[in-house]
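Enquirer: Can you read through this structure? Questions will come right after.
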Protein chains: 4
Amino acid sequence: MCRWLAYTGSPILLTDVLYTPVHSLIDQSLHSKLGAETTNGDGFGVGWYGAAAVPGVFRSTEPAWNDQNLHELAGHVTSPLFFAHIRAAIGSSVQQTNCHPFRCDRWLWMHNGYIGGFATIKRDLVLAIDPSLFPEIKGQTDTEVLFYLALTFGLRDDPPDAVARAIGFVEARGREHGIEYPFQGTIATSDGESLWAFRYSSEGKSRSLFFTRDVRRLREEYPGREILRQVSDDARLVVSEPIGDLPGAWVEVPEASYGVVGRGREQ
Amino acid sequence: MCRWLAYTGSPILLTDVLYTPVHSLIDQSLHSKLGAETTNGDGFGVGWYGAAAVPGVFRSTEPAWNDQNLHELAGHVTSPLFFAHIRAAIGSSVQQTNCHPFRCDRWLWMHNGYIGGFATIKRDLVLAIDPSLFPEIKGQTDTEVLFYLALTFGLRDDPPDAVARAIGFVEARGREHGIEYPFQGTIATSDGESLWAFRYSSEGKSRSLFFTRDVRRLREEYPGREILRQVSDDARLVVSEPIGDLPGAWVEVPEASYGVVGRGREQ
Amino acid sequence: MCRWLAYTGSPILLTDVLYTPVHSLIDQSLHSKLGAETTNGDGFGVGWYGAAAVPGVFRSTEPAWNDQNLHELAGHVTSPLFFAHIRAAIGSSVQQTNCHPFRCDRWLWMHNGYIGGFATIKRDLVLAIDPSLFPEIKGQTDTEVLFYLALTFGLRDDPPDAVARAIGFVEARGREHGIEYPFQGTIATSDGESLWAFRYSSEGKSRSLFFTRDVRRLREEYPGREILRQVSDDARLVVSEPIGDLPGAWVEVPEASYGVVGRGREQ
Amino acid sequence: MCRWLAYTGSPILLTDVLYTPVHSLIDQSLHSKLGAETTNGDGFGVGWYGAAAVPGVFRSTEPAWNDQNLHELAGHVTSPLFFAHIRAAIGSSVQQTNCHPFRCDRWLWMHNGYIGGFATIKRDLVLAIDPSLFPEIKGQTDTEVLFYLALTFGLRDDPPDAVARAIGFVEARGREHGIEYPFQGTIATSDGESLWAFRYSSEGKSRSLFFTRDVRRLREEYPGREILRQVSDDARLVVSEPIGDLPGAWVEVPEASYGVVGRGREQ
């Protein structure tokens, strides 16, 4: 059911976040500890903001742990804001168009979890998507449909409201069809400036989500860590499960809540 | 814009049809003579009827000309009725779920051509598909949508009528949106007993389609051909463009028409 | 470090062995219990004997658990003798030419384990391969080099002797270079008639290997099992770790030994 | 038999060279005009120098014309020196380890052409490679073997001499085996500072090779071209066949010669 990671802060080489930490996301592709599955080997994706007008997206159907091109890309690309996602498919095909993150213009979107009874309510959900966005749907996943629902409900203007409305719409359609727990998961989205992270489930037992504590405090506690000296004061990581080996570095996102970080803002 | 081939007759090793002929389908993947494109390198697919309840389908995103697994499969599988398709993508992703043939239960379906202005009318077409079939749509192609429209319109009961209604529906929706030529192409479909082939275009200039003349006559003309002695009297090949080097072997399917061949029937 | 399975007996649909059993090989690709790794997701391969002069080989770099083409092939191909292998790569690339089983004419070969210090002694090993076989090496693996060494040492004439000599040669070269345990693993090979299985390691702690007990006895113990009624009296499975849920069905191959089964023979 | 391109000059977005020109390398993957084959669809590779100690290498077995990840990478990576290669395989497998460019530390290497009778002389060539380099060979291609021969013969110290010796060695071994024309092709190599390009064939009819004329002159002739204003005075492209539509922009590299360009040097 996937694991993901999002970074915002001073520009950093992707490999320093994706490969270097002890229990890195790449390691989690084989040995996830907190995920619904141990193995997340059904493809992966990276989305990063750079000099171009839209973020770059690199997605592959290979398991992340052995993908040579991901290793190369991560070793040569720096970014102040990027997403990474490893996938454990539940039903839909292993193909690039089903890999996260999804992109629409400047927006990236990724998800760990699922829409309950998706086959049953997919048609209703798809019909609610703005017809102008309909041709943009490229894959089969619940996550992509949720993304276009959120865009339909105003993601560009008010992300927390749009995500709440999209999930609410999913829950309403699900319950009409007798689905007990229509939504489960954590979501990250960004416009290249701010990064929003959501944790929610109809059941009230949501997938895990953590973010890093203030970098200035971490530096004091772990003065020997080179990486903490490199990154800016406002650097943040949001992750499905902690990477690295610093016990005091992580704060869990509470149930049914969201947070936003980015250039100068935090909430 | 793709090339395809369908065989019905006595069981034959796939390689004898796919690889052995001089201008074989595999050769056409690199050097098509009559196709809209010379190269058909955006994946391929084979569907074959055998002992199992549903036909087997093997699809890949690799170009057919160099695919080792296709070569192996074709050298070890025999079938009395099979489809093969090589793809030149126009817009949709190169992924297995976009490769022909498509399958629903006993039915196979493949297509060379396109729905004009597909992005514009896709939503209207998808909405017309029977909701019970909606979750079966796995890819992004116009061909797959047309397949589920034909199934919605009764493909299982009366294939020529259902295909005519599906294409008619596409043309009606297309013209509502000002699309001059909404449909172009050739289609093959089968239930494992009979094989239907269609040639039609809104423009009246359809993609090429040929079938083989009666095997008994061909044997008389080309007594030295081993393959003609192997196959049954009712064997037929239907192809986008002739394979092999027997000039008198092929008959062109007329514009805006269809044919059906199979166990004991012909039309 | 891989898991494998080999079947000989009356012709059987591959899926009945590969997918149907409770702890099937496909399941082991995600959840191996006895393997050096839990996940065997770095490609897979199937080799099967049929009507053709050489066995068919289907190999892919995708994890087996989600490969649609393997699922199709297994559901449509029957064989009286076939190999299946799932890979956990250790060092060499994830590419088809590194996937087992390897083939040379009528011979198939697969392996679970490794040659210790392979990078150090690879050149010595490759030089010992018959120059006429040298161009046949297609991949990078220790397993393939061992196969061509065994062929060089007479695999076609006396498999147990040739395998012993090949492993002995590896051990000699390894010890020259100070490698403590130069060989580890289990091997299966076949000429389409007999099936040889080997278990050996320089260390004396070899990878696990099991074979099924006599089918007639199993039928008596488990009269309700349909599959046991289908297969012939001489049917045998050899596996890295037991599949299915019949506790008395499996016998462990002893350390440093081999067995041979096949048409009318057993040892 | 492949097409390639190498750029050196002021840092430039890869897409401006790979995708934007009229007859771009990506276009040549489908429609090569001067190549031995029209289609170069058996994988591709890009190697680029950046801030990291070694150049990045991105290789794929997909045809370049439809590869979404190449499109993304090219749109987000800038480099002052990069290689790109599209492959038409002749015999060896379509796998990443057979895709150009090849890399060893700071060195990149790519080739259009072949070693004649490679299967016959491969063993002799491989044996001549420095044993310390032997384990670095990852694929099956003649090009990679030639690269390690050139490294063995001193590529790091004197590239023209080492390449001449490596080709001379190939020709000597080939002629011992009665091969009339043992070498054919063009080669590019770089250490990240300079770029060497070679054109040679035993036959005296070498694959085509071109480089761009002096940028200052081109700017005078084509004052309206934005790209010519962007790049530095010393920018050079070396290509298998001209890209773009500026007739006076290209100079053919003479038979049996080489050139070197790079930071401040030209020959």
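Enquirer: What do you get for Rg/Rh of chain D when both radii come from the Cα atoms and Rh is the Kirkwood radius?
Expert: Rg/Rh: 0.95.
Enquirer: Between copies, how far apart are the D:Pro254 label points? List them in nm, one decimal, shortest first, with each point 7 Å from Cα toward Cβ, please?
Expert: Result, one decimal in nm: 6.7, 7.7, 8.0.
Enquirer: Given a 1.4 Å probe and no ligands, DNA or RNA in the count, how much accessible surface is buried by D and A, both sides, to the nearest 100 Å²?
Expert: That pair of chains buries around 1200 Å² in total.
Enquirer: Per residue, how much accessible area does chain C have with a 1.4 Å probe, in Å²?
Expert: On a per-residue basis, 36 Å².
Enquirer: Which positions within segment C:16-39 get 30 Å² or more of their accessible surface covered by the other protein chains, compared to the chain by itself, with a 1.4 angstrom probe?
Expert: By number: C:Thr39.
Enquirer: Separate question: Per residue of D:51-63, what is the mean number of Cβ atoms on other protein chains within 10 angstrom of that residue's Cβ?
Expert: Other-chain Cβ atoms within 10 Å of each residue's Cβ, averaged: 5.
Enquirer: So, one more: With a 1.4 Å probe and every protein chain kept in, tell me what percent of the accessible surface of segment A:1-113 is carbon plus sulfur.
Expert: Carbon and sulfur together cover 53 percent of it.
Enquirer: Moving on to the next point. In percent, what relative contact order does segment C:136-267 have, based on Cα pairs under 8 Å that are 6 or more apart in sequence?
Expert: The value is 22 percent.
Enquirer: At a Förster radius of 51 Å, what calculated FRET efficiency corresponds to the Cβ-Cβ distance of C:Lys33 and A:Arg217, to the nearest 0.05?
Expert: Given R0 = 51 Å and the Cβ-Cβ separation, E is 0.70.
Enquirer: Okay, next question. What is the helix-to-structure angle for A:142-152, meaning the angle in degrees between its Cα long axis and the longest Cα principal axis of chain A, kept from 0 to 90 and rounded to the nearest 10?
Expert: 80
Enquirer: What is the local net charge at C:Tyr19, summed over the other residues whose Cβ is closer than 12 Å to its Cβ (Lys, Arg +1; Asp, Glu -1)?
Expert: -4
Enquirer: Further, regarding this structure: What residues in segment B:116-150 lose 10 Å² or more of accessible surface when the other protein chains are added to their chain alone (1.4 Å probe)?
Expert: B:Ala119, B:Lys122, B:Arg123, B:Val126, B:Leu127, B:Pro131, B:Phe134, B:Pro135, B:Ile137, B:Lys138, B:Gln140
Enquirer: Hey, what did chain D get for relative contact order, percent, Cα under 8 Å, at least 6 apart?
Expert: It rounds to 22 percent for chain D.
Enquirer: Is any residue of segment A:96-116 close enough, with backbone N under 18 Å, to a label point placed 7 angstrom from the Cα of A:Glu193 along the Cα-Cβ axis, and if so, which?
Expert: A:104-109
Enquirer: I've got another one for you. Would you work out what percent of the accessible area of segment A:133-249, with all protein chains in place, is carbon or sulfur (probe 1.4 Å)?
Expert: With neighbouring chains kept in place, the figure for segment A:133-249 is 48 percent.
Enquirer: Note the angle between two axes, namely the Cα long axis of helix A:118-128 and the longest principal axis of the Cα atoms of chain A, as a number of degrees from 0 to 90, rounded to the nearest 10.
Expert: Roughly 80 degrees, rounded to the nearest 10.
Enquirer: Let me ask something additional. Do any residues of segment D:67-104 lose at least 40 Å² of accessible area when the full set of protein chains is present rather than just their chain alone, and if so which, with a 1.4 Å probe?
Expert: In segment D:67-104, residues shielded by partner chains: D:Asn69, D:Glu72, D:His76, D:Gln95.
Enquirer: Between C:Ile129, C:Ile227, C:Ile26, which gets the highest mean-square fluctuation from a Gaussian network model of chain C, Cα cutoff 10 Å?
Expert: C:Ile227
Enquirer: At a Cα cut-off below 24 Å, give the lysines reachable from D:Lys138, other chains included and same-chain residues fewer than 8 away excluded.
Expert: Output for D:Lys138: C:Lys122, C:Lys138, D:Lys122.
Enquirer: Over segment B:1-106, calculate the relative contact order: mean separation of alpha carbon pairs under 8 Å at least 6 apart, over the residue count, as a percent.
Expert: 38
Enquirer: Separate question: Residues of segment A:223-244 with the amide nitrogen closer than 13 Å to a label point 7 Å from the Cα of A:Trp250, along Cα-to-Cβ, please.
Expert: It comes to A:237-244, nothing else.
Enquirer: Still on this structure, please answer the following. Once phi is turned into θ = phi - 60°, what whole-Hz ³J(HN,Hα) does the Karplus curve with 6.51, -1.76 and 1.60 give for every residue of segment C:34-45, x standing for Gly and Pro?
Expert: 9, x, 5, 10, 6, 9, 10, x, 9, x, 7, x
Enquirer: Assuming a ≥ b ≥ c are the square roots of the Cα gyration tensor eigenvalues, decide whether the protein assembly as shown counts as rounded (a/c under 1.5), prolate (otherwise, with a/b larger than b/c) or oblate.
Expert: The shape class here is rounded.
Enquirer: For segment C:184-240 and segment B:24-51, compute the distance between their C-alpha centroids and round to whole Å.
Expert: Answer, in whole Å: 41.
The values are calculated or read from the model by the stated rules, or taken from the named source; none is laboratory data. Not measured: the values here are computed from a predicted model. We place every Cβ from the backbone using ideal geometry, glycine too, and count neighbours over all the protein chains shown. For the accessible areas, the whole protein counts, side chains as well, though only heavy atoms, and no ligand, DNA or RNA atoms are used. Shrake-Rupley method; radii C 1.70, N 1.55, O 1.52, S 1.80 Å.
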